[in-house]
Amino acid sequence: MTNTTRRWTWFTIAPLCMTAYGVVRLADGTHGPGASWTLGHLALLASVSAFVPVTWRLRGWATAGRGAAAGLFAGTAAAAGLLGAAAAAAQTVIDLVVGFLCTDRQAMDIMFDEVRSHPGVTPAVYTIGPPLFHVGLVLLTVQLAAIRRIAVWRPIVVVVGIAVTATSLDLLPLGGLLLLSALAPLERQRRLAPPDAARSVSPRASA
């Protein structure tokens, strides 16, 4: 497998792992410590991690051949997305650690309350931080659609996928599949190849 192939596959891995987490979560009736909790959160951590290179590549596509304003916008959106991914990863690691340390859901709730009681943890890791990932992803896909490097329907599907998961965590599998439909095909769009590999490729918005 070449480096290029590894780079492109993140666009499939990230939403697929999110979908897997949603499925495992639905199967775990207690949402408590155990194999399902651990497996699901490992899938979620893999998803968040995979979205990091996805965000970086979207930024690169949005800035290739564009001016300073486009670079500033894409850079800001990418920074927000990466900060959000870091916050989501931190939350997932906390969930994993709490799951390992506790023997039942009640004990987990007590430990979660203790974690949130530390100043700054709740906004950084639970309420403000993680949504920044979604903000960055939406802004980057909207920018790419605006400059006609991806079709307009793709950011719309991304927004719908995010809205679905925000409505209910039980809809995570659907949200993951929607993100998969919007992002995974980008692997095959050669006009979005890295600028250093395809500077002369003219972008279109047919896909």
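Listed values, structure above:
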read-out: Segment 61-84 residues that are hydroxyl-bearing (Ser, Thr, Tyr), paired with ones that are surrounded by 19 or more Cβ atoms within 10 Å (Cβ to Cβ) (beta carbon under 6 Å, 6 or more apart); value: THR63/ALA74
read-out: Candidate set: segment 159-186, residues that are touching a Phe, Trp or Tyr at 6+ places or on another chain (Cβ under 7 Å) and not small (Gly, Ala, Ser); chosen: the one nearest to MET18 (Cα to Cα); value: LEU172
read-out: Pick from segment 121-150, criterion in a loop (DSSP other than H, G, I, E, B) and modelled with pLDDT of 95 or more, ranking: most open to solvent (accessible area, probe 1.4 Å); value: ILE128
read-out: Pairs with Cβ under 6 Å, 6+ apart, first in segment 135-149 and in contact (Cβ under 8 Å) with a residue 60 or more places away in the chain, second of a type in the set (D, E, K, R) and surrounded by fewer than 24 Cβ atoms within 10 Å (Cβ to Cβ); value: THR141/ARG154
read-out: Test result for ALA79, assigned to a helix (DSSP H, G or I), over 23 Å from ALA20 (Cβ atoms) and more than 16 Å from the chain's Cα centre (by Cα); value: no
read-out: Any hit, segment 106-120, residues being of a type in the set (Ser, Thr, Tyr) and either touching a Phe, Trp or Tyr at 6+ places or on another chain (Cβ under 6 Å) or open to solvent by less than 60 Å² (accessible area, probe 1.4 Å) (or both); value: no
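Rundown of residues vs (1) touching a Leu at 6+ places or on another chain (Cβ under 8 Å); (2) open to solvent by 50 Å² or more (accessible area, probe 1.4 Å); (3) aliphatic (A, V, I, L, M), yes/no style:
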{"residue": "THR55", "(1), (2), (3)": "yes, no, no"}
{"residue": "TRP61", "(1), (2), (3)": "yes, no, no"}
{"residue": "ARG66", "(1), (2), (3)": "no, yes, no"}
{"residue": "ALA80", "(1), (2), (3)": "yes, no, yes"}
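Matching residues to (1) open to solvent by less than 60 Å² (accessible area, probe 1.4 Å); (2) at pLDDT 95 or above; (3) touching a Cys at 6+ places or on another chain (Cβ under 8 Å); (4) more than 25 Å from LEU180 (Cβ to Cβ):
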{"site": "THR30", "(1), (2), (3), (4)": "no, no, no, yes"}
{"site": "GLY40", "(1), (2), (3), (4)": "yes, yes, no, no"}
{"site": "LEU44", "(1), (2), (3), (4)": "yes, yes, yes, no"}
{"site": "SER47", "(1), (2), (3), (4)": "yes, yes, yes, no"}
{"site": "ALA74", "(1), (2), (3), (4)": "yes, yes, no, no"}
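The values are calculated or read from the model by the stated rules, or taken from the named source; none is laboratory data. Nothing here was measured: the structure is a model prediction, and the numbers come from that model. Reconstructed Cβ throughout: ideal geometry from the backbone, glycine too, with neighbour counts over all protein chains shown. These accessible areas exclude ligands, DNA and RNA; they are computed on the full protein's heavy atoms, side chains included. Shrake-Rupley method; radii C 1.70, N 1.55, O 1.52, S 1.80 Å.
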